[in-house]
Amino acid sequence: MVAEKIGKVEVTKRRHVGLYPGTFDPVTLGHIDIVTRAIKLVDHLVIGLATGTGKSPLFSLEERVEMWRHEAESLAHHGTTIEVIPFDNKLQVDFAREVGANVIIRGLRSMADFEYEFQMAAMNQRLNMEVEAAFLMADPRRQAINSRLVKEIAMLGGDVKPFTSPHVADLLVRRCKELKGK
């Protein structure tokens, strides 16, 4: 809680902390779009990088953390702060509690996303009634973008610049060349 004086009245404002969890392998313009929307709703946003259990990430956890930290530098504004924190082997609601988040931010691209996220939100609600779920619709220009397809395009030599930032595009192209050289 933060006390703020408005005129002669002191008002107590609750600090809103959001958690945007994911594997982010790699960070796409779709992810950046959701962060841009989320920081309008919270005072502090934690981007929680999951290890990618069950997935085969192209980038290490450390590389993905650095990728997000680079992208986040230009995104925070108007007093909103962004923090990038990796997490492993724990429930999202437990991680949310650890970082003080009262809302888990999730991006939706399609009805299939909604069905999965709806179930996840219901289970999280049963596990911790104090943490809410907030679903943000992806910008229509970004709805088809997903990390798996972006990686596939890069591996096949396609142009990924329309789907990622220039920084991430360079990292992705370099990684794909490394893998092809092996």
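Values quoted throughout were computed directly from the atomic coordinates according to the rules given, and no laboratory measurement underlies them. Source: prediction; values computed, not measured. For neighbour counting, all protein chains shown are included, and Cβ atoms are generated from backbone atoms with ideal geometry for every residue, glycine included.
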Centre separation in Å (Cα based) which lies between the stretch 15-86 and the stretch 137-182: 17 Å
Cα-based Rg / Dmax (Å) for the stretch 93-151: 13.1, 36
Projected-area mean, the stretch 14-141, by convex hull of Cα positions, square nanometres: 7.8 nm²
Alpha-carbon Rg with Dmax, taken over the stretch 66-180, Å: 16.7, 47
Charge dipole (debye, nearest 20) of the stretch 14-141; +1 at Cβ of Lys and Arg, -1 at Cβ of Asp and Glu: 300 debye
Spin-label pair Ala144/Lys180, simplified geometry with 7 Å Cα→Cβ offset, distance in nm: 2.3 nm
CD proxy at 222 nm, helix term only [per DSSP H run n ≥ 4: -39500 (n - 2.57); per residue of the chain; nearest 500]: -12500 deg cm²/dmol
